[in-house]
Amino acid sequence: MSSPPSIARSSGILLHLTSLPGPFGIGDLGAVARQWLDSLAAARQRWWQVLPVVPTGYGDSPYQSPSTFAGNVNLLSPEVLAAEGLVSAAEVARCELSPGPVNYAAVITAKKELLATAYGRFRAGDAPALRGPFQRFCEQEAGWLNDYALFIAIKEHLGGIPWWQWPQPLAQRQPDTLQAIGEKLREAIETHRFGQFLFFRQWDELREYAHQRGIHLLGDIPIYVADDSADVWAHPDLFLLDENRRPLFVAGVPPDYFSSTGQLWGNPVYDWNAHRRTVYRWWVARLQAMLKLVDLVRVDHFRGIEAYWAVPAGDATAENGRWVPGPRDELLEALRTALGHLPVVAEDLGFITPEVDELRERFHLPGMRVLQFAFGGEVEARFLPHRYSPNLLVTTGTHDNDTTRGWFEKLTPDERRAYESYVPEAARDPVWALIRTGWASVANLAFAPFQDFLELGSEARLNTPGVGSGNWVWRATETQITDRTWIKRLAEFTQIYER
């Protein structure tokens, strides 16, 4: 294999889009996102790392989505819709919610009403300039859009119950039944298509603004999809399911940093033989869709491509799972052949074997190193910066970690001594000392969550694995995203360490 040019030495910030400030109860794709990009540019950053921007599912998690292809319409900017002539100023004002933590129930209700209003105006003839682009979008994205819009419309019609509880003809996708329900729910289906069109239109405009500011987007794709999703409903043949289309095994990981009983994710695992027979066509489409949104893709739980932890369906914990070989080189080669290159970062955290390292290195994919894991918790030597190679992404913590301030305050005396002996500056400035350590390292990519630049504590943690509620709600304030203190200091670090 020939080695592609490595990613240029650079840096960026992780900030989930929902965590942006603004008047509509959740971060969105409008003016505040551009304000954030301006701050990134002022801080000399070249990357904005975002988490999945798909519709959220159980626990408001973007990692349990009803679709791996769709966009989250709760991120639509009401102000942009008004500028396009789809809603009025008064209707925008009715979407205003608390500037504090995300209240998903209130946001979902407000955005659903706004989208219905926008589609009603469009259907009545307003915003005629959108008619051609909407038709082209529906044609180009038909491969996933039709199934998704139908899936969500049926789900809403049946009160939100999971698809395997639908009447059998719908769950089993009998053609006559699907045609009949499609005609009955035509308006709802078209509303969902239109919502997806608006999402990708607004996203494209924001991404173009980012590129104009010299900033690229690092996105995130979970290796698995949710059980209650259009993906599993429409493609049951691609997953290991029984005769009733229920999972035989579910995904997770064995006991690790985050849980003594492992993590039981509950996602159905793939039938890799079925994917092989199609030369991984669904996976190719998935990566192609991601690359319409971002410039580089972090594959969450990359190690599942080498071998995955399969837990018998119905088990209460992940402890009784077993490792099963994954598609390995075959999948990555198919993706590289189809895409022409592999713009992928391999999230190789947790239990990593030499085989996983070798797979990543054969395809020259950057791996990940979390600085918190070098000094506190279940410490591993591979996370110490003197062991790094250039083809890595280093970060103070991920969305699953505590903030660095919260992490530091929970260190044992021995862990604190180890950190301060390795990074003497940590004794007086623990958070920025960890940031500096990452920026100074040889890793080509250096990141930190935005909360760390603000030196926030555990109250600003975004997600705690294994906890089913209260996650994904933290939001920054407008003052925080434009504060010159962190911008100036980060710009200096970035210049000093040639990022």
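The alpha carbon centroids of region 375-390 and region 186-262 are separated by 31 Å. The region of the chain that goes longest without hitting one of the GluC sites (Glu not before Pro) in a DSSP loop, each with at most 12 other Cβ atoms within 10 Å, is 1-242.
How many percent of Cα pairs in the chain exceed 32 Å?
42
Full extension of the chain between Glu498 and Thr317 gives 60.6 nm of extra length, using 0.36 nm per residue less the Cα-Cα distance.
Compute the relative contact order of region 225-293 as a whole-number percentage, counting only Cα pairs closer than 8 Å that sit 6 or more residues apart in sequence.
Value for region 225-293: 28 percent.
Once the Cα-Cα distance is subtracted from the 0.36 nm per residue extended length, the Asp242 to Ala180 segment shows a gain of 19.6 nm. Each of Arg387 and Glu478 was given a label point 7 Å from its Cα along the Cα-to-Cβ line. The distance between the two points is 4.6 nm. In whole angstrom, note down how far apart the Cα centers of region 154-174 and region 31-98 are. With region 154-174 and region 31-98 each reduced to a Cα centre, they are spaced 29 Å.
Qualifying trypsin sites (Lys or Arg not before Pro) in region 362-425, where qualification requires a DSSP coil assignment and no more than 14 other C-beta atoms within 10 Å, comprise Lys410. Length available on full extension from Gln35 to Ala274: 0.36 nm per residue minus the Cα-Cα distance, which gives 81.5 nm. Relative intensity of region 219-351 on a log10 scale, I(q)/I(0) at q = 0.19, 0.22 Å⁻¹, equals -1.17, -1.47, per a Debye sum over C-alpha point scatterers of equal strength in the absence of solvent. Placing +1 on the Cβ of every Lys and Arg and -1 on the Cβ of every Asp and Glu, with no other charges, gives the chain a dipole of roughly 880 debye about its Cα centre. Which whole-number percent of Cα pairs in region 1-129 have a distance greater than 24 Å? Looking at region 1-129, the distances longer than 24 Å represent 40 percent of pairs. Taking every alpha-carbon pair under 8 Å whose residues sit at least 6 apart, the chain reaches a relative contact order of 19 percent.
If only the Cβ of Lys and Arg carry +1 and only the Cβ of Asp and Glu carry -1, the dipole of region 390-485 around its Cα centre is close to 60 debye. On the principal axes of its alpha-carbon atoms, region 376-499 has extents of 38, 34, 30 Å, going from largest to smallest. Solvent-free Debye calculation, one equal scatterer per alpha-carbon of region 132-177: log10 I(q)/I(0) at 0.14, 0.18, 0.19, 0.30 Å⁻¹ equals -0.42, -0.62, -0.66, -1.06. Between Leu86, Val54, Asn74, the Cα set farthest toward the positive side of the dipole of region 1-91 (charges on each charged residue's Cβ, about the Cα centre) is that of Val54. Hydrodynamic estimate: the Kirkwood radius of region 310-450 over Cα pairs, inserted into Stokes-Einstein at 10 °C and 1.306 mPa s, corresponds to D of 94 µm²/s. Legend: P(r) of region 1-62 from all alpha carbon pair distances, 10 Å bins from 0, whole percents, reading 18, 41, 25, 13, 3, 0. Applying 1/(1 + (r/R0)^6) with R0 = 30 Å to the Cβ-Cβ distance of Val467 and Thr353 gives a FRET efficiency near 0.60.
Kirkwood radius and radius of gyration were both taken over the C-alpha atoms of region 61-108, and their ratio Rg/Rh is 1.03.
Calculated FRET efficiency, Val442 to Gln288, Cβ-Cβ distance, R0 = 41 Å: about 0.80 to the nearest 0.05.
Can you give me the Cα centroid spacing of region 394-432 and region 314-362 in angstrom? Measuring centre to centre over Cα atoms gives 29 Å.
Region 141-224 gives an Rg/Rh value of 1.12, both radii derived from C-alpha positions and Rh following Kirkwood. Using a cutoff of 8 angstrom between alpha carbon atoms and counting only pairs six or more residues apart, the relative contact order for region 288-355 works out to 41 percent. State the percent of C-alpha pairs, over all pairs in region 75-156, separated by a distance greater than 18 angstrom. Summing the P(r) of region 75-156 above 18 Å gives 53 percent of all pairs. For the chain, lysine pairs with C-alpha atoms less than 28 angstrom apart, excluding pairs fewer than eight positions apart on the same chain, total 8. Name the residues of region 417-460 whose amide N is less than 12 Å from a point 7 angstrom out from the Cα of Glu361 along the C-beta direction? Inside the label zone: nothing.
Any read-out appearing in this document is the output of simple, stated calculations on the displayed coordinates, not a laboratory observation. None of these values were measured; they are calculated from a predicted model. Note: ideal-geometry Cβ built from the backbone for every residue, glycine included; neighbour counts use all protein chains shown.
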